[in-house]
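Participant: Could you have a look at this structure, given as structure tokens, before my questions?
The values are calculated or read from the model by the stated rules, or taken from the named source; none is laboratory data. Computed from a prediction, not measured in an experiment: that's the story for all the values here. All Cβ positions, glycine included, derive from the backbone under ideal geometry; neighbour counts span all protein chains shown.
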Ligand SMILES: Nc1ncnc2c1ncn2[C@@H]1O[C@H](COP(=O)(O)OP(=O)(O)OC[C@H]2O[C@@H]([n+]3cccc(C(=O)O)c3)[C@H](O)[C@@H]2O)[C@@H](O)[C@H]1O
Ligand SMILES: Nc1ncnc2c1ncn2[C@@H]1O[C@H](COP(=O)(O)OP(=O)(O)OP(=O)(O)O)[C@@H](O)[C@H]1O
Ligand SMILES: NC(=O)CC[C@H](N)C(=O)O
């Protein structure tokens, strides 16, 4: 009997809905794992054949028909290696979020995910029925227990597999990135190992999918909870894990372990992968960004260049009489150091034409936010015109702080198909910009040091309308991400009137967020599918 077994974890970047493409990627990874890594078993992410989350595609018979055909193709195409691969599979009563064990052209076993998450971005119970039986398969004398993602966050599924004789447990994942997620995952895996005493392998997806980005970081732990293998963040790849039978059980041997460079580096890479995959998977030739000389558009431009290359990114400065000289020069300097195409399109003439057109209606009404928004909307219209003409995607530059309190213009600076900073607080925008400059000084220092301004009226500063960002962001993190109450936040020492006003603005601006473009989730609670609030609501409205 063999006392060694190599399992490969296929950390793949898949495309939701592209069953044919995903199946080819699975076949290719299985063959390479067998031929190049000499692996006996290859494990794949959760729902690898469909990508995750397939959402309501799962309600379509034609889509599920494609999946059945793909499973048959997989059985035909791969021999001499055992595949454990995620796919939706019909049961007698409904649909299972399944892991198929495929061996020598046949399905040797089918496991149905037991714990179906419905919190955060997840909606598994909308489609799937929970499984109730453990699944253990024997390969080369090693009994392998199979679990899927959320299963590992509860004690039972791993415990049941071990009771059925599993000597190693594998976990197939579609686990989206957030700042604290990798530590949380590794802590639950260690907990499971503490309870069960078996080695565990955790295989995750890589790459961006609409509002989430999968950070990979697939890993393996030994029987005593020690980290043995950890794959890189975000990047797809095949990761071997060697198991050795000793002392009456199977132990994972030490392999390569990736460490994170820094928190900012990981966050920045999450944005880069989110933008890259959104642009590539939706087939855009490039992106267009309104570059104001401010920090938000500067950071978005850097992320876009790092994601796509300089030749696929172009920026437009659209000045008015309120645009300061330094904004012009800083925007041009940034574009110059990134070597991207940069245009200037003055909007004074358009603004004048709009104002004259409205004059008979507005008569002597004093200038107010209407005129400010008009400038923003002219810019939005021009960016969308460039997008239509060139087929490129407009990137919106709004950050989480602004979006939280509605400090952005609908159909103005909120235009665009994707919002890279949607889940990044303004204070983090600064730390990410500083981090990017450490890799090579591209953002002019004055962009980092000038106080933020929308430049929509003379001498305007963001702090005219909003608390200092350090205060605003702390209140927002407590209220939005941690669901703490006004009373609790005030008890931390924040001014009651400020907290109440911020909370009122958060609720009042739900309508804006519902119309905002998607962006990458990087925190524990992002606006979008991760946080679902009513638009029409009497909560915290104020009197
Ligand atoms: N519940 C609701 N459901 C659906 N629609 C609703 C609504 N409440 C208002 N509306 C609509 O929304 C309109 C108000 O929204 P909107 O037109 O966007 O305008 P509004 O929110 O009034 O003003 C935009 C604010 O964002 C600031 N801004 C703009 C641009 C850039 C930046 C920056 O620094 O980045 C800041 C600007 O200085 C101003 O304070 C209303 O006139 C109404 O049509
Ligand atoms: N003069 C301009 N030329 C081109 N785009 C602009 C200009 N002013 C604003 N924009 C666009 O509108 C967005 C909102 O900009 P604004 O200056 O109002 O606020 P901001 O949130 O401080 O953003 P930034 O830090 O990029 O300036 C900008 O990020 C940019 O995309
Ligand atoms: N797809 C899932 O079941 C994911 C749930 C899990 N707790 C995670 O995010 O890691």
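Participant: When you look at residue 206, is it at negative phi and buried (at least 24 other Cβ atoms within 10 Å of the Cβ), yes or no?
Facilitator: Spelling it out, residue 206 is indeed at negative phi and buried (at least 24 other Cβ atoms within 10 Å of the Cβ).
Participant: Here is a check on your reading of the model: is residue 350 more than 16 Å from residue 409 (Cα to Cα) and more than 16 Å from ligand 3 (Cβ to nearest atom)? Working first, answer last.
Facilitator: Working: more than 16 Å from residue 409 (Cα to Cα): yes; more than 16 Å from ligand 3 (Cβ to nearest atom): yes.
So residue 350 passes the test.
Participant: Among the listed residues 326, 295, which satisfies the condition of being surrounded by fewer than 22 Cβ atoms within 10 Å (Cβ to Cβ), in contact (Cβ under 8 Å) with a residue 40 or more places away in the chain and touching a helix residue (DSSP H, G or I) at 6+ places or on another chain (Cβ under 9 Å)?
Facilitator: After applying the criteria, what remains is 326.
Participant: Among the residues of the range 387-405 satisfying the criterion of being touching a residue at least 24 places away in the same chain (Cβ under 8 Å) and surrounded by fewer than 18 Cβ atoms within 10 Å (Cβ to Cβ), which is nearest to ligand 3 (Cβ to nearest atom)?
Facilitator: My answer is 391.
Condition check ((1) farther than 20 Å from residue 453 by Cβ; (2) in a helix (DSSP H, G or I); (3) at pLDDT 95 or above) across all residues:
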{"position": "284", "(1), (2), (3)": "yes, no, yes"}
{"position": "292", "(1), (2), (3)": "no, no, yes"}
{"position": "298", "(1), (2), (3)": "no, yes, yes"}
{"position": "307", "(1), (2), (3)": "yes, yes, yes"}
{"position": "311", "(1), (2), (3)": "yes, yes, yes"}
{"position": "314", "(1), (2), (3)": "yes, no, yes"}
{"position": "332", "(1), (2), (3)": "no, yes, yes"}
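Participant: Scan the range 394-414 for residues that are over 11 Å from residue 512 (Cα atoms), in contact with a helix residue (DSSP H, G or I) (Cβ under 6 Å, 6 or more places away or on another chain) and outside any loop (DSSP other than H, G, I, E, B) and jot them down.
Facilitator: Result: 394, 395, 401.
Participant: Inside the range 489-523, can you point out the residues that are assigned to a loop (DSSP other than H, G, I, E, B) and buried (at least 17 other Cβ atoms within 10 Å of the Cβ)?
Facilitator: Those that are assigned to a loop (DSSP other than H, G, I, E, B) and buried (at least 17 other Cβ atoms within 10 Å of the Cβ): 494, 509, 516, 517, 518, 519, 520, 521, 522, 523.
Participant: Counting only residues that are assigned to a helix (DSSP H, G or I) and touching a residue at least 24 places away in the same chain (Cβ under 8 Å), how many does the range 1-49 have?
Facilitator: Summing the residues that are assigned to a helix (DSSP H, G or I) and touching a residue at least 24 places away in the same chain (Cβ under 8 Å) in the range 1-49 gives 12.
Participant: Turning to a different aspect of this structure: Any chance the range 478-488 includes a residue that's modelled with pLDDT of 95 or more, within 16 Å of ligand 2 (Cβ to nearest atom) and buried (at least 20 other Cβ atoms within 10 Å of the Cβ)?
Facilitator: Within the range 478-488 (the criterion being modelled with pLDDT of 95 or more, within 16 Å of ligand 2 (Cβ to nearest atom) and buried (at least 20 other Cβ atoms within 10 Å of the Cβ)), the answer is no, since none of the residues qualifies.
Participant: Among the listed residues 447, 424, identify the single one that is at pLDDT 95 or above, away from ligand 1 (no atom under 13 Å from the Cβ), surrounded by 20 or more Cβ atoms within 10 Å (Cβ to Cβ) and in a loop (DSSP other than H, G, I, E, B).
Facilitator: None of the others qualify; the one that does is 424.
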